[in-house]
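Below is one structure, written out as structure tokens, with a few remarks after it.
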Amino acid sequence: DQQVKQNSPSLSVQEGRISILNCDYTNSMFDYFLWYKKYPAEGPTFLISISSIKDKNEDGRFTVFLNKSAKHLSLHIVPSQPGDSAVYFCAATGSGGGADGLTFGKGTHLIIQP
Amino acid sequence: GAVVSQHPSRVICKSGTSVKIECRSLDFQATTMFWYRQFPKQSLMLMATSNEGSKATYEQGVEKDKFLINHASLTLSTLTVTSAHPEDSSFYICSATMNTEAFFGQGTRLTVV
């Protein structure tokens, strides 16, 4: 049973527009959420995180929104750039943040079209 | 940011042999490291938690006798895939935590032929 779900395997967005990647979770014990970006044959790199006590966290072009009642979070990238093309993983964990093991979604392959 | 180095990045081995993958935290000490596995087009799955100076904690369904983990120091954890078979071919990634942030190695592509 997948506890973290990314239902869109891929997403194509035009350069300059907003990319919205979605993630749902089922485990109510999760209270810290992270987004990672991954290029082929490389390890994931951290993008942005959010604690369950917040509903929004912003860092430059990246904003993560958390709807705790719906167990849903989303990553917004605006404006989208060609270098954003990668696989994006949503991850969740307990209050230890990355100090605990992470549960990942299957990832969404974001393709930015020129 | 902190750096986690994983070696080798690619390895091809014959069926039945063992392969060791190293994970090092280069500029910080990591009492806990994690090992993940990723199949093509699949999520990264946590395999085990490696604790310095003690036995690793394995996730359900992961064979501890097949995937040997040794966390000999605060900067080094190793994963040994013993008696490898083609179904063990995968992408293995380690991570180490500094404060609450997880840093990942570059990953190891294991191909068993």
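Here, each number is a calculation from the coordinates, and none is a lab measurement. Note that this is a predicted model, so its numbers are computed, not measured. All Cβ positions, even for glycine, are placed from backbone atoms using ideal geometry, and neighbour counts span all protein chains on display.
Things worth noting here:
- Cα gyration tensor, segment B:1-79 - rounded (a/c under 1.5), prolate or oblate: rounded
- In a DSSP loop and with at most 10 other Cβ atoms within 10 Å, there are no chymotrypsin sites (Phe, Trp or Tyr not before Pro) in segment B:49-113.
- For chain B, the tally of Lys pairs with Cα-Cα distances below 16 Å comes to 5, considering only residues 8 or more apart or on different chains.
- Where trypsin sites (Lys or Arg not before Pro) fall in DSSP loop in segment B:35-100, at most 15 other Cβ within 10 Å: B:41, B:55, B:64, B:66
- Look at where the Cα atoms of segment A:65-89 and of segment A:1-17 average out, and the two centres are 8 Å apart.
- Projected area averaged over orientations for the protein assembly as shown, convex hull of C-alpha atoms, nm²: 12.2 nm²
- Residue pairs exceeding 22 angstrom between C-alpha atoms, taken from A:5/A:37; A:37/A:106; A:54/A:106: A:54/A:106.
- Cysteines without a disulfide-compatible neighbour (Cβ-Cβ under 4.7 Å), chain B: B:13
- Of the residues B:12, B:93, B:21, the one that moves most in a GNM of chain B with alpha-carbon contacts below 10 Å is B:12.
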